[in-house]
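The values are calculated or read from the model by the stated rules, or taken from the named source; none is laboratory data. Remember, predicted model here, so these are calculated numbers, not experimental data. All Cβ positions, glycine included, derive from the backbone under ideal geometry; neighbour counts span all protein chains shown.
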Amino acid sequence: MEFKEKLLSSYLAFEEGLDLSDSVHKTRAKALKIFEEKGFPTKKDEAWKYTSLASLISQDYSLFPKSEATIELKDVRKYFLYDTDTYKVIFIDGVYSPFLSNTTHDGLDVCLMSAALIKPKYRKLINAYFNKMAPQDDSLTALNTSYAKEGAFIYIPKSTVAEKPIEIIHFSSGNENALWLQPRNLIVVDQNAQVQIIERHQSLKEHPVVTNSVSEIYLHKDSFLDYYKLQNDLPSASLIDSTYIHQEKNSHASVHTFSLGGKLIRNNLNYFHKGEHALSTLKGVTILEGKQHVDHSTLVHHAQPNCESHQDYKSIFSNRSEGVFNGKILVDKIAQKTNAFQQNNNILIDDNATVNTKPQLEIFADDVKCSHGCTIGQLNEEVLFYMRSRGIPEKEAKALMTYAFANNVLDSVQLPSLKKRINQQIANKLGVNLGFEL
Amino acid sequence: MLTIENLHAQVEGKDILKGIDLDVKAGEVHAIMGPNGSGKSTLSSAIAGNEDYQVTKGKMLLKGTDLAELNAEERAHLGVFISFQYPVEIPGVTVTNFIKTAINAHRKANGLKDMPASELLKKIRDTAKLLEIDSKFLSRSLNEGFSGGEKKRNEIFQMAMLEPSLAILDETDSGLDIDALKIVANGVNKLKSKDNAVVVITHYQRLLEYIVPDFVHVLFDGRIVKSGTKELAHELEAKGYDWIKELA
């Protein structure tokens, strides 16, 4: 049986125990129809020209883990940014782990999507936001919506600053042969509120796991979101991440994506400006080896005047790894005085590594500043010679240069311990010994 | 220390050095002067092992070892240091990290373990103090946004840290104001010993007021056309280079 058929035929099992007359479920059922019609995207779809899901969906996966896996804190502690002092929403094989999590309802809500979808006190928020921004014609998002039941639900009320960062972590235990996960997150940051979020997906054992994740994020007037996606999974794990960000007046949304490991990663990162003076920041560091594949597909829709967007993606490819960058900037006719900048720099270490980079600017306003630049290159020979003349052997010099190239993106990371950790991970990946700093 | 015999070198197929002979002994300071385009920087690049410069004839020996057999990093390990005329910027690598990597690469090549962090830190602090370098400067990216003078001072800082047997200062005085020039010269003089040698390449006599050479050579059209003592530098300052052209 094809995996698509399995997804459709398993739906009865998913529906068991759900309130089928509920409006949320009607949304799900409608989404399933869309997925049924459209199926998985193929390379014939323009947006998937360079990324094929064929090898992933030719396998079979379990959709519902058979037994609840338990994992020990000591085995996963290293994946947490901080032991304490963060809110944590943690899942194992798609199932919430109360033992590892640290949720709250005290002044803000950091809790479970499964609870938010059914509890009356959240009904208003769910009705206002759930699946309201995600495009109705995207088949993978529709697939996620059809099975949407679990994930993180975050609500930051008006003028509230979340004092601690929030970590959303999905572990896969490896107890299942192969696992297909579909987390759904909803994040609402109300007027003048602020939040920092770290999201990661982590396999604990080598086994095929595919995560088709969807996050909807709503930023109200004057709010601030600082979001970090850590993608440093085992080479057997794949991730399709679709994130949709709705920005109102004066809001600032910053997303850093660190793609350092995994089999296939597709990041669909979409920003929609709904008010003036919105600021969007998109930054990424990608370091790949082996046969890994990472596709960054960004969209910034400037639909209001006086907004700004900054994109800076730096990638390094070794061996036979492949990268894709497809950055779309759409400026509506009304969006005068838009500032939109996009930069994508790539270094190919080996001859067999490839990158396809495609800026896509569609500008309908006449008074805007938009720029894009992409480079694909090897390392600067002059710098390399300088280093060698100081006694640094060629191999080490190249590693240090590559590290420096990627490390520049870290300047804007606002969590010091996260910055330090990623800095170290990048150094380790590139074989650079950092030692100490003055 | 350094023996150069009948050195010929090309850049992009063009002959630049046309038979250089030079003998620099340990403990000596040599100055190489000459007008623009005479081959001064080609000489330092050839010694450094820059592959854009092809040695077509002649020999360079450092402590008896033929440099032609060695690549740039191996020459550095043997004790060659070039202070570049135009040091490169390396965003993302701090001065400290860079020097640590360089020092440990030298130690590894000489069969030593990494320098302990405490020892390295002390050495960095002492050297920074000698060259009147602010410690904030050490945690900045190498040469990124540095002024011309700061870049040159950073070159001398690295030289002091690496303690080369042969230091070649290529136009180190350009971009330095008089105070910075004195600090740099003072640093070079403190590091000078009977076991190492310094070659100062310069267009002007200015730096030689502070780093006093034992010998001065005049380079013109790829050859050393005149050698003498420090008085020759004064003569060049007073008379310019035109009379040298007639010697060639």
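Out of A:Asn407, A:Asn356, which single residue is away from every other protein chain (no Cβ under 14 Å) and under 20 Å from A:Thr257 (Cβ atoms)?
Answer to the selection: A:Asn356.
Looking at this structure, is A:Leu430 away from every other protein chain (no Cβ under 13 Å) and buried (at least 16 other Cβ atoms within 10 Å of the Cβ)?
In short, no.
Kindly indicate which of B:His8, B:His30 is closer than 16 Å to B:Ala167 by Cα, part of a strand (DSSP E or B) and not charged (D, E, K, R).
B:His30
Can we say A:Glu163 is surrounded by fewer than 21 Cβ atoms within 10 Å (Cβ to Cβ), of a type outside the set (Ser, Thr, Tyr) and free of Cβ contacts under 8 Å to residues at least 12 places away in the same chain?
Spelling it out, A:Glu163 is indeed surrounded by fewer than 21 Cβ atoms within 10 Å (Cβ to Cβ), of a type outside the set (Ser, Thr, Tyr) and free of Cβ contacts under 8 Å to residues at least 12 places away in the same chain.
Take the residues in the range B:163-187 that are of a type in the set (A, V, I, L, M, F, W, C) and more than 22 Å from B:Thr3 (Cα to Cα); name whichever of them is surrounded by the fewest Cβ atoms within 10 Å (Cβ to Cβ).
B:Ile178
Could you list, in sequence order, the residues of the range B:66-98 that are closer than 18 Å to A:Ala404 by Cβ, among the aliphatic types (A, V, I, L, M) and facing another protein chain (nearest Cβ under 7 Å)?
B:Val88, B:Ile90, B:Val93, listed by residue number.
Specify which of the listed residues (A:Ala193, A:Ala178, A:Ala115) is in contact (Cβ under 8 Å) with a residue 12 or more places away in the chain, buried (at least 19 other Cβ atoms within 10 Å of the Cβ) and small (Gly, Ala, Ser).
That would be A:Ala193, the only listed residue that is in contact (Cβ under 8 Å) with a residue 12 or more places away in the chain, buried (at least 19 other Cβ atoms within 10 Å of the Cβ) and small (Gly, Ala, Ser).
Among the residues of the range A:354-387, which ones are modelled with pLDDT of 95 or more and small (Gly, Ala, Ser)?
Scanning the range A:354-387 gives a single hit, A:Ala365.
Considering only residues that are surrounded by 12 or more Cβ atoms within 10 Å (Cβ to Cβ) and at the interface with another protein chain (Cβ under 10 Å from one of its Cβ atoms), which ones fall in the range B:116-136?
Listed by number, the residues that qualify are B:Leu120, B:Leu121, B:Ile124, B:Arg125, B:Ala128, B:Ser135.
Is there a residue being small (Gly, Ala, Ser), within 13 Å of A:Gly377 (Cα to Cα) and free of Cβ contacts under 8 Å to residues at least 40 places away in the same chain anywhere in the range A:319-333?
No, every residue in the range A:319-333 fails to be small (Gly, Ala, Ser), within 13 Å of A:Gly377 (Cα to Cα) and free of Cβ contacts under 8 Å to residues at least 40 places away in the same chain.
Condition first: within 14 Å of another protein chain (Cβ to nearest Cβ) and among the charged types (D, E, K, R). Can you find one or more residues in the range A:362-382 that meet it?
Among the residues of the range A:362-382, at least one is within 14 Å of another protein chain (Cβ to nearest Cβ) and among the charged types (D, E, K, R), which makes the answer yes.
Restricting the search to the range A:1-27, which residues are closer than 23 Å to A:Lys66 by Cα, part of a helix (DSSP H, G or I), in contact (Cβ under 8 Å) with a residue 24 or more places away in the chain and not hydrophobic (A, V, I, L, M, F, W, C)?
A:Lys4, A:Lys6, A:Tyr11
Sort out which residues of the range A:363-383 are closer than 30 Å to A:Lys395 by Cα and of a type in the set (Val, Ile, Thr), and write them in order of number.
Residues satisfying the conditions are A:Thr375, A:Ile376, A:Val383.
I'd like the full set of residues that are under 25 Å from B:Ala46 (Cβ atoms) and either of a type in the set (A, V, I, L, M) or more than 8 Å from every other protein chain (Cβ to nearest Cβ) (or both), limited to the range B:99-112.
B:Ala102, B:Ala105, B:Ala109, B:Asn110
Could you grab me the full set of residues in the range B:47-79 that are without any contact (Cβ under 8 Å) to a residue 60 or more places away in the chain and in a strand (DSSP E or B)?
Scanning the range B:47-79 gives B:Tyr53, B:Gln54, B:Val55, B:Thr56, B:Lys57, B:Gly58, B:Lys59, B:Met60, B:Leu61, B:Thr65, B:Asp66.
Just to be sure, is A:Val355 under 19 Å from A:Phe405 (Cα atoms), touching a strand residue (DSSP E or B) at 6+ places or on another chain (Cβ under 8 Å) and crowded, with 18+ Cβ neighbours inside 10 Å? Steps first, please.
Details: under 19 Å from A:Phe405 (Cα atoms): yes; touching a strand residue (DSSP E or B) at 6+ places or on another chain (Cβ under 8 Å): yes; crowded, with 18+ Cβ neighbours inside 10 Å: yes.
Yes: the conditions hold for A:Val355.
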